[in-house]
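Reading through the structure tokens given below for one structure.
Derivation of every value follows stated rules applied to the coordinates shown; laboratory data play no part. Keep in mind it's a predicted model, so treat the numbers as computed, not measured. Note: ideal-geometry Cβ built from the backbone for every residue, glycine included; neighbour counts use all protein chains shown.
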Amino acid sequence: MDRQDRQTISTDRAPAAIGPYAQANRVGGMLYTSGQIALDPATGEMAGSEITEQTGRALENLKAVIEAGGAGMADVIKVTVFLKDMGDFAKMNEVYLRYFTGEALPSRSAIAVSALPKDALVEIEAVALATGR
């Protein structure tokens, strides 16, 4: 594969990038997303101040990017979750389980960080198979 095999993915169903990066890149049959925080794509404002609200919005943003890249949530093979407070892990997980269910759950890492863009409580990125859609 060479650079010509790389496709930049963009959708207005998720917030525009707030820096010099793409929402996602598709290379061959793989889709690599940038991290999504809880920005409402319609208003550009954070969606809520609680971890459950922010997790839901971040996952809706992630879902929109994944779908724009020719995949679905069931095609996700790896997720990385960045939490501002690891004390929010259980509440984040409650919302996460609404998006990832069944026997073919993705691999996942959850990492506590000192800060996230826009003072978000959570940021979520994924890698998905995007072969044939």
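Quick notes
- Using alpha-carbon coordinates, inclination of helix 89-99 to the longest axis of the chain, degrees: 40
- For the range 11-76, the spread of Cα positions along each principal axis, largest first, Å: 38, 27, 15
- Anchor residue 118: lysines whose Cα lies under 23 Å away (excluding residues fewer than 8 positions away in-chain): 63, 84, 91
- Taking 0.36 nm per residue of separation and subtracting the Cα-Cα distance, full extension of the segment from residue 5 to residue 105 would add 33.2 nm.
- Translational D in µm²/s for the chain (Stokes-Einstein at 20 °C, 1.002 mPa s, Kirkwood Rh from C-alpha pairs): 144
- At R0 = 25 Å, FRET efficiency that the Cβ-Cβ distance of residue 77 and residue 52 yields, to 0.05: 0.50
- Computed [θ] at 222 nm, helices only, for the chain once each DSSP H run of length n ≥ 4 contributes -39500 (n - 2.57): -7000 deg cm²/dmol
- Between helix 51-68 and the chain: long-axis angle, C-alpha atoms, 0 to 90°, nearest 10: 10
- Choice from 66, 77, 37 showing the highest fluctuation, given a GNM over the chain with Cα pairs closer than 10 Å: 77
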